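See structure below.
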Amino acid sequence: MTMSSMSKTIAALSALGIGTLMTLAAPAYADSCKPAVPDSELVKPGTLVMSTNPTLPPLQFVDSSGELKGMRITLGTEIAKRLCLTPDYVRIEFSAMVPGLQAGRWDMINTGIFWSAERAKIMQMIPYESQAISISVAKGNPLGVTKPEDLAGHEVSVELGGFEEAKLRELDKSLTAKGLKPIGIHTFDTFAAAYQALRAGQVEATVSIDPTAAEYAKRGDFDRPLHGLFPTPVAFAMKSKVLTEAVLKVLNDMQQDGSYGKLMDQYGLLANTTPFVVKGPTP
């Protein structure tokens, strides 16, 4: 993707309202393929509807032709294929995902939602990768950031409602408890908008996940002085226990046949080496 097309894509994504839904559905699979999940457990018959916020290259993003791409899109599509379901992606801001799942607007959150004990109380969750947080700054690192404490007294952007915001606020509390200046935290509906604020000079740093910050740094947009902060499991989240068990089987099958590990390696991610398990509400 060129820098021009990337800017246009980011601007378009940032303009999406919370109620704006855009979907991308792949062709239906052969009739001889019997769905592994009954229609009664799905939002749409024969379809696996997944929510995603495609503003996190290279894991989930929109390319210059408007197509959804990235590791999580590839993995979600493969899961749907193995379940004999048609993948259908709903593009939506992260803050709407959990309420939308609970309201039955989609079957699965496929956006790299961080696992937490609190979230596992209300959703079926299957951790499938480990993820950590990076701090991005303007080129040349004008703040001289070498440790998280260096954000004290500075303006920082982050996506609203996610693990990254929660950790940034925890960091802010720890800094003020030490007598340091508070962080000026600015929340945005998407990471794309958070990075736009950094590019425009509205903030001095942005907090995001490691692969996304690394991608921006690779393109030469920003520097990434810190990464690997607060490593935490990332999961799929579902409401239906029947669907969850079916997805769990697919992931374990993919682990055994090597396709899961190959995909993780392709994106430089740490793959699970033990069988996948559900970490969510029990009946």
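The values are calculated or read from the model by the stated rules, or taken from the named source; none is laboratory data. Quick caveat: nothing in here was measured; it's all calculated off a predicted structure. For neighbour counting, all protein chains shown are included, and Cβ atoms are generated from backbone atoms with ideal geometry for every residue, glycine included.
Summary of computed values
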| quantity | calculated |
| --- | --- |
| Residue in segment 141-153 that is over 26 Å from Glu118 (Cα atoms), in contact with a His (Cβ under 6 Å, 6 or more places away or on another chain) and β-branched (Val, Ile, Thr) present | no |
| Tally, over segment 211-230, of residues that are farther than 19 Å from Gly144 by Cα and either in contact with a strand residue (DSSP E or B) (Cβ under 7 Å, 6 or more places away or on another chain) or outside any helix (DSSP H, G or I) (or both) | 3 |
| Residue in segment 129-149 that is outside the structural domain of Lys69 (by TED's automatic domain parsing) and in a helix (DSSP H, G or I) present | yes |
| All positions within segment 167-186 that are surrounded by 16 or more Cβ atoms within 10 Å (Cβ to Cβ) and without any contact (Cβ under 8 Å) to a residue 60 or more places away in the chain | Leu168, Leu171, Asp172, Leu175, Ile183, Ile185, His186 |
| Options Met125, Met97: the member that is in contact with a strand residue (DSSP E or B) (Cβ under 6 Å, 6 or more places away or on another chain), of a type in the set (A, V, I, L, M, F, W, C), assigned to a helix (DSSP H, G or I) and touching a residue at least 40 places away in the same chain (Cβ under 8 Å) | Met97 |
| Yes/no for Ala192 being closer than 29 Å to Pro99 by Cα, touching a Leu at 6+ places or on another chain (Cβ under 9 Å) and in a helix (DSSP H, G or I) | yes |
| Residues being small (Gly, Ala, Ser) and within 17 Å of Leu59 (Cα to Cα) - total across segment 267-281 | 2 |
| Of all residues making up segment 150-168, the number that are in a loop (DSSP other than H, G, I, E, B) and either within 16 Å of Thr55 (Cα to Cα) or in contact with a Gly (Cβ under 6 Å, 6 or more places away or on another chain) (or both) | 3 |
| Number of positions in segment 201-210 that are in a loop (DSSP other than H, G, I, E, B) and crowded, with 23+ Cβ neighbours inside 10 Å | 1 |
| Options Phe276, Phe230, Phe236: the member that is more than 17 Å from the chain's Cα centre (by Cα), closer than 27 Å to Ile122 by Cα and touching a residue at least 12 places away in the same chain (Cβ under 8 Å) | Phe276 |
| Breaking point among (1) touching a residue at least 24 places away in the same chain (Cβ under 8 Å); (2) at positive phi; (3) outside the structural domain of Ser136 (by TED's automatic domain parsing); (4) not β-branched (Val, Ile, Thr), for Gly258 | (1) |
| Extreme residue, farthest from Asp189 (Cα to Cα), among residues of segment 68-94 that are among the charged types (D, E, K, R) and at pLDDT 95 or above | Arg82 |
| Every residue from segment 169-189 that is more than 19 Å from Phe61 (Cα to Cα) and assigned to a loop (DSSP other than H, G, I, E, B) | Lys178, Gly179, Leu180, Lys181, Pro182, Ile183 |
| Residue count for segment 228-251, restricted to those that are out of contact with any Pro (no Cβ under 7 Å at 6 or more places or on another chain) and at pLDDT below 95 | 4 |
